[in-house]
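Scroll down for the structure; my scribbles are underneath it.
Rule-based calculations on the coordinates, nothing more; no lab input. It should be emphasised that the depicted structure is a prediction, and the values quoted were computed from it without experimental measurement. Positions of Cβ are backbone-derived with ideal geometry, glycine not excepted, and every protein chain shown enters the neighbour counts.
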Amino acid sequence: MRTAAMRQQHHEILTVTGEITRLIRMGKTVEEAALIRSSLNDFNGKLSRHLIAEERTIYSILEQHSDARVRETARAFAAEMGVLLETVIRYTSKWQRSEIEAHPLEFAQATWLILATLEARVDREDAELYPLLDRA
């Protein structure tokens, strides 16, 4: 399976976001703001490395595919990821430790929204995009 490493990266990203989610659910957002911020840095790094790998191994291959539907699917996923990436950058830039401590409810709401969007994206990649590369 050509996408095994990418799927493993998804798992690693979701593990980090799961830790952030766990702390929020436990009501430890303020007390654990430093740990949450550290986890956001880890998340940002893992996501950045994943996106670089996707660009090099998924989109570059699928955008050269002989089937126009495959090329269009790859382009649509890439464009969508660009929008999501901008949202993630704004989110991780905004939520520094002091902001998390000062606005824990806003942080939790922003986190639920972005993580739900990210998880849906991961599910779609695993179900729709990666099988295209595995068959290519």
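Quick notes on this structure:
- The C-alpha atoms of the chain define a longest principal axis, and helix 68-94 lies at about 20 degrees to it.
- The phi torsions of segment 29-42, fed into the Karplus equation with coefficients 6.51, -1.76 and 1.60 and a -60° offset, translate into couplings of 4, 6, 5, 10, 4, 5, 5, 4, 4, 4, 5, 5, 4, 4 Hz, rounded to whole numbers, with Gly and Pro shown as x.
- The Rg/Rh ratio of the chain, with both radii computed over alpha carbons and Rh defined as the Kirkwood radius, is 1.04.
- Span from the segment 53-75 Cα centroid across to the segment 120-136 one, whole angstrom: 11
- Charge tally in the Cβ shell below 14 Å around ASP123, where Lys, Arg are +1 and Asp, Glu are -1, ASP123 excluded: -2
- Estimated purely from DSSP H runs of n ≥ 4, each contributing -39500 (n - 2.57), the mean residue ellipticity at 222 nm for the chain is -25500 deg cm²/dmol once divided by its residues.
- Each other residue within a Cβ distance under 12 Å of ALA110 adds +1 if Lys or Arg and -1 if Asp or Glu, for a net charge of 0.
- Each residue of segment 100-112 was assigned a 3J(HN,Hα) from its phi angle through the Karplus curve 6.51 cos²θ - 1.76 cosθ + 1.60 (θ = phi - 60°); the sequence is 4, 5, 6, 9, x, 5, 4, 4, 4, 4, 5, 5, 4 Hz, with glycine and proline shown as x.
- Scanning the chain for trypsin sites (Lys or Arg not before Pro) in DSSP loops with at most 15 neighbouring Cβ atoms within 10 Å leaves 29-136 as the longest stretch between them.
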